[in-house]
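Okay, structure first, notes after.
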Amino acid sequence: MRAGDRLVAGTVRRGGPWPAVLAGTAVVGAAGELAVPYLIGRTVDALVARQPSGTHWLALCAGAVAAVMLCESLGVWARGASGAHAAATLRSGVLRHVLGTGSAATRRFPEGELVTRAGLNAEEVGRAPETVTSALALLVPTAGALVALTLIAPVLTLTLGAGIVVILLVLRAFLRTTTTLAGGYQQVQGEIAARLVEALGGARTIAAAGTADRESRRVLAPLPGLRTHGMALWRANASAAVRAGLVVPLLEVAVLAVGGFMLAAGDLTIGELYAAARYAVLGASLSTALGHISGLARARAAAGRVAEVLDLPPVRYGTRTLPPGPGTVEFRDVAANGLTVGDLALPGGSVTAVVGRSGAGKSLLAALAGRLAEPGRGTVLLDGVPLAELAEEELRRAIGYAFERPTLVGETIGDAISPEPAPRAAEAVLDGRAPVAGRVAEAAEAACADGFVRRLPLGYATPLGDAPMSGGERQRIGLARAFAQGRLLVLDDATSSLDTVTERQVGQALTTDRHGRTRLIAAHRLATAARADQVVWLDGGMVRACGPHHELWQDPAYRAVFQESDGADRADRADGDREARSAEEVRAAEGAAP
């Protein structure tokens, strides 16, 4: 819990002005509460003695009560603002950190678990300023009550002090128990969320298979564990409340009993006895901290879970820039996560297809080339510069990516394609009918996206939320963004949702790129491999062979890689011998195809 406690303390420190407002209202309110018994006592003594100052003391008493009420109102407002500010700040920090770790976060935690930790758990940590400040504020009336009773009669202080020690022991045990139970409860919540997100991702498959009931049972299977932790939390809270609650009346009776003897002996006045009784209640107000302690326990447990995400090492970038070059990629003695690449070169301006059976490491090799994954051994270079030494902006400007399910970012379609930040992209794309920036238009045409984008009501200026797109259309926008990038294009199954004709057109754009960029394609289809300048064949966690497709095609094991491809590739396999004769003939034939 040390990392969680540090995060809680940091959240309180970075809570903006609200923790200070909470502390101020708590201290002033506690001072007012401490003053009220004394003022009431003086008022009672003055009225009993029929002194003229009774009215004066009564007015002061009313003023103290009004100050306490005002502080309570301000405290309620400040608690809401404090929690919202702290949770928003922490969520933003967690989100930036997760994005900064690259794929490490999703490898370490399921997506639903990440959502829970960055959402619900961050919100619970965000309540830390309120719970910590409120709990500490209860020490003010307790300390004040001890001082006041000392001034009235030291023997009463000893009586109150003994009761406070008992209350503190109860609260300490309650904090430890509740933190552990809350952590277990939150862990089950995360497990349910992870299963739910996984099920939602396969909703169409579940509906088609008719397994919704079975999947519902799988998602909700951890519910009994959630109930167990919830009931344990309730029992712990009830037990602590009973133990702490018993101390308060016993403590008040003890103080009244001792004070009564002193009153009978003439050592106390009636007003002082009343004040002593009230101070005993204020001193025992620590027993009301159970709610705050429970919130602090949940915040500590949630902070431990959030801290595990924040402990993931972010991707480190250098400061170097790229020299002029054709985009040559070099793997030098590279290995990562069970994949051994060794030494491999992708010549500048070439098209390289990476093929292999499912799980062979195609996506990992593509990720290594674009530094979306870190090699466990060796170095990946782009035009002679290690990727790890490049500045982040330089790296992202030099490498374009396209994925099977791209995430479109920006306000409009034009923003989603342009490699420039959104404001500059907006300047380049004034409206859908006006000419768009040459680079954006060229990229959209190469990805076969220009036609359907211009049919939208506002063309390239159409907000993403107002542009209903199919999976294939989203892929084309993702491809267009990659085409608009720098000297290396990395495509990981980025054409899987395209129809055959569109895929051939996109394939032509890839193989005839007039900018001469290096292209690395994680290929699943035979036609893609046939169009490439070279093929990297992955098998058994290593590079089995590297060479032109027509040479590798002579190996039956290489042909077997495509045996379970989709129906579109069966026609290609029927002409496999023709494709093997010459890669140039394949490109020429496809160039003449409609």
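The values are calculated or read from the model by the stated rules, or taken from the named source; none is laboratory data. It should be emphasised that the depicted structure is a prediction, and the values quoted were computed from it without experimental measurement. Heads up, the Cβs are rebuilt from the backbone with ideal geometry, glycines too, and the neighbour counts pull from every protein chain shown. The protein model used for the area step is the full one, side chains on, heavy atoms only, and it has no ligands, DNA or RNA in it. Shrake-Rupley method; radii C 1.70, N 1.55, O 1.52, S 1.80 Å.
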- [ ] Looking for whichever is open to solvent by less than 70 Å² (accessible area, probe 1.4 Å) and either within 19 Å of Ala173 (Cβ to Cβ) or not aliphatic (A, V, I, L, M) (or both) here; the options are Ala277, Ala284. Which one fits?
- [x] Ala284
Open item on the list: Which condition from (1) within 26 Å of the chain's Cα centre (by Cα); (2) modelled with pLDDT of 90 or more is the one that Arg396 breaks?
Closed with: (2)
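Quick grid of which residues meet (1) closer than 25 Å to Val115 by Cα; (2) without any contact (Cβ under 8 Å) to a residue 40 or more places away in the chain; (3) open to solvent by 80 Å² or more (accessible area, probe 1.4 Å):
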residue: Leu138; (1), (2), (3): no, no, no
residue: Leu149; (1), (2), (3): no, no, no
residue: Gly163; (1), (2), (3): no, no, no
residue: Thr178; (1), (2), (3): yes, no, no
residue: Gly190; (1), (2), (3): yes, no, no
residue: Ala199; (1), (2), (3): yes, yes, no
residue: Thr205; (1), (2), (3): yes, yes, yes
residue: Arg218; (1), (2), (3): yes, yes, no
residue: Gly230; (1), (2), (3): yes, no, no
Task: Entirely in segment 302-419, the strands (runs of 3 or more DSSP E) that have 2 or more residues that are touching a strand residue (DSSP E or B) at 6+ places or on another chain (Cβ under 8 Å) and of a type in the set (Phe, Trp, Tyr) - done: 399-403
Open item on the list: All but one of (1) touching an Asp or Glu at 6+ places or on another chain (Cβ under 7 Å); (2) over 24 Å from Asp555 (Cα atoms) hold for Gly356; state the number of the condition that does not hold.
Closed with: (2)
Open item on the list: Of all residues being more than 14 Å from Ala366 (Cβ to Cβ) and open to solvent by 20 Å² or more (accessible area, probe 1.4 Å) in segment 482-495, which is modelled with the highest pLDDT? Just the residue, please.
Closed with: Arg487
- [ ] Could you identify the single residue in Thr528, Thr518 that is open to solvent by less than 10 Å² (accessible area, probe 1.4 Å), in contact with a Gly (Cβ under 8 Å, 6 or more places away or on another chain) and not acidic (Asp, Glu)?
- [x] Thr518
- [ ] Within segment 370-410, track down each residue that is closer than 17 Å to Leu491 by Cα and in contact with a helix residue (DSSP H, G or I) (Cβ under 7 Å, 6 or more places away or on another chain).
- [x] Arg371, Ala373, Leu382, Leu395, Gly400, Tyr401, Ala402, Phe403, Pro406, Leu408
Open item on the list: On the basis of being free of Cβ contacts under 8 Å to residues at least 60 places away in the same chain and either of a type in the set (D, E, K, R) or farther than 23 Å from Leu139 by Cβ (or both), does Thr55 make the cut?
Closed with: yes
Open item on the list: Looking at Arg218, Arg204, can you tell me which residue is at pLDDT 90 or above and either part of a helix (DSSP H, G or I) or among the aliphatic types (A, V, I, L, M) (or both)?
Closed with: Arg218
Open item on the list: Let me confirm something: among Ala86, Ala59, which residue is more than 11 Å from the chain's Cα centre (by Cα), closer than 23 Å to Pro19 by Cβ, in a helix (DSSP H, G or I) and hydrophobic (A, V, I, L, M, F, W, C)?
Closed with: Ala86
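Residue-by-condition table, conditions (1) small (Gly, Ala, Ser); (2) part of a helix (DSSP H, G or I); (3) touching a residue at least 60 places away in the same chain (Cβ under 8 Å); (4) farther than 30 Å from Val306 by Cα:
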site: Gly16; (1), (2), (3), (4): yes, no, yes, no
site: Val27; (1), (2), (3), (4): no, yes, yes, yes
site: Ala30; (1), (2), (3), (4): yes, yes, yes, yes
site: Val44; (1), (2), (3), (4): no, yes, yes, yes
- [ ] Identify all residues within segment 204-238 that are farther than 30 Å from Leu296 by Cβ and in contact with an Asp or Glu (Cβ under 7 Å, 6 or more places away or on another chain); write none if there are none.
- [x] Ile206
- [ ] For Arg14, indicate whether it is open to solvent by 40 Å² or more (accessible area, probe 1.4 Å) and under 21 Å from Arg278 (Cβ atoms).
- [x] no
- [ ] Starting from segment 386-404, take each residue that is under 23 Å from Ala523 (Cα atoms) and open to solvent by less than 30 Å² (accessible area, probe 1.4 Å) and list its partners that are in a helix (DSSP H, G or I) and among the small types (Gly, Ala, Ser), counting only C-beta distances under 6 angstrom and pairs at least six apart or across chains.
- [x] Gly400/Ala482; Ala402/Gly478; Ala402/Ala482
Open item on the list: With the structure loaded, tell me whether Ala145 is modelled with pLDDT of 90 or more, out of contact with any Cys (no Cβ under 6 Å at 6 or more places or on another chain) and in a helix (DSSP H, G or I) or whether it fails that test.
Closed with: no
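Condition check ((1) at pLDDT 90 or above; (2) within 24 Å of Ala105 (Cβ to Cβ); (3) open to solvent by 40 Å² or more (accessible area, probe 1.4 Å)) across all residues:
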| residue | (1), (2), (3) |
| --- | --- |
| Glu330 | yes, no, yes |
| Val334 | yes, yes, no |
| Leu339 | yes, yes, no |
| Gly342 | yes, no, no |
| Ala345 | yes, no, yes |
| Gly349 | no, no, no |
| Ala353 | yes, no, no |
| Leu372 | no, yes, yes |
TODO: List the number of the failed condition for Ala128; all other conditions in (1) closer than 17 Å to Ala284 by Cβ; (2) open to solvent by less than 10 Å² (accessible area, probe 1.4 Å); (3) among the aliphatic types (A, V, I, L, M) hold.
DONE: (1)
- [ ] Name the one entry in Thr25, Thr55, Thr43 that is under 22 Å from Ala280 (Cβ atoms), modelled with pLDDT of 80 or more and touching a helix residue (DSSP H, G or I) at 6+ places or on another chain (Cβ under 9 Å).
- [x] Thr43
Open item on the list: Please go through (1) at pLDDT below 90; (2) over 30 Å from Gln189 (Cβ atoms); (3) among the hydroxyl-bearing types (Ser, Thr, Tyr); (4) open to solvent by 40 Å² or more (accessible area, probe 1.4 Å) for Thr407 and return the number of the only condition it doesn't satisfy.
Closed with: (2)
TODO: Could you pull out the residue among Arg107, Arg79, Arg96 that is part of a helix (DSSP H, G or I), at pLDDT 85 or above and of a type in the set (Lys, Arg)?
DONE: Arg96
